[in-house]
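Let me begin by presenting the structure, written as structure tokens, before commenting on it.
Each value in this text was obtained by applying a stated rule to the coordinates, not by laboratory testing. Just so we're clear, the structure is a prediction, and the values are computed from it rather than from any experiment. Here the Cβ is made from the backbone with ideal geometry for all residues, glycine too, and neighbour counts use every protein chain on show.
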Amino acid sequence: MNVAYSFLDERLIIREVQSNDDQQLGELIQRVLEEMNAPKKGTAYADPYLFQLSAYYAYPGRKYFVITDGQTIYGGGGYGDLPGADSLTCEIQKMYFDRELRGRGWGERLLKHLMKEAKNAKYEKGYIETLETMTAARNLYRKLGFTTLKGPLGLTGHTSCPIHLIIDL
């Protein structure tokens, strides 16, 4: 099994989302949220643009990246403006990974890439919301220097996400 994973890792790349990724990506995000027993309301599961992420992230100040072998989407994450917050703070958004990819370092690689891209886009802070059940994600955020806020920042619409974190980019 390790040989198969090593082969998979060698084939994977991080690239910007494309329109032909939309269906597969929306399904991946919903599947991961279901695996984590996340609420369907108040999370990314119910976002109206979940199956149109390439169009949503086509605007200035937003980017979304996928982890793929060219056919299958194994994960992704993005950043974008944070309505209701200052213009120098972005939200790290929709970081989800297929079970096969978790625990292999791809989350850290992608998050570091997102933070670098967001900083290049002139953001100074990165904000993220998560769930109690996403323990590995929370550990990663803390490892990279995110600190916990006492409450939400901005108006994300993700009212079911009780953990709010921020980092200086």
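Step by step: first the residues of region 109-141, then only those that are surrounded by 13 or more Cβ atoms within 10 Å (Cβ to Cβ) and free of Cβ contacts under 8 Å to residues at least 40 places away in the same chain, then the one that is nearest to Lys40 (Cα to Cα). Which residue is that? Ranking the qualifying residues of region 109-141, first place goes to Thr130.
Taken as a whole, the structure leaves Gly105 outside the set of residues that are farther than 24 Å from Glu35 by Cβ and of a type outside the set (D, E, K, R).
Determine which member of the set Leu110, Leu153, Leu114 is assigned to a loop (DSSP other than H, G, I, E, B) and of a type in the set (A, V, I, L, M).
Details: Leu110 fails: assigned to a loop (DSSP other than H, G, I, E, B); Leu114 fails: assigned to a loop (DSSP other than H, G, I, E, B).
Every option except Leu153 fails the conditions.
Given the criteria within 16 Å of Ser87 (Cα to Cα) and of a type outside the set (D, E, K, R), does Leu153 qualify? Lay out the reasoning, then the answer.
Details: within 16 Å of Ser87 (Cα to Cα): yes; of a type outside the set (D, E, K, R): yes.
Yes; evaluated as a whole, the condition is true for this residue.
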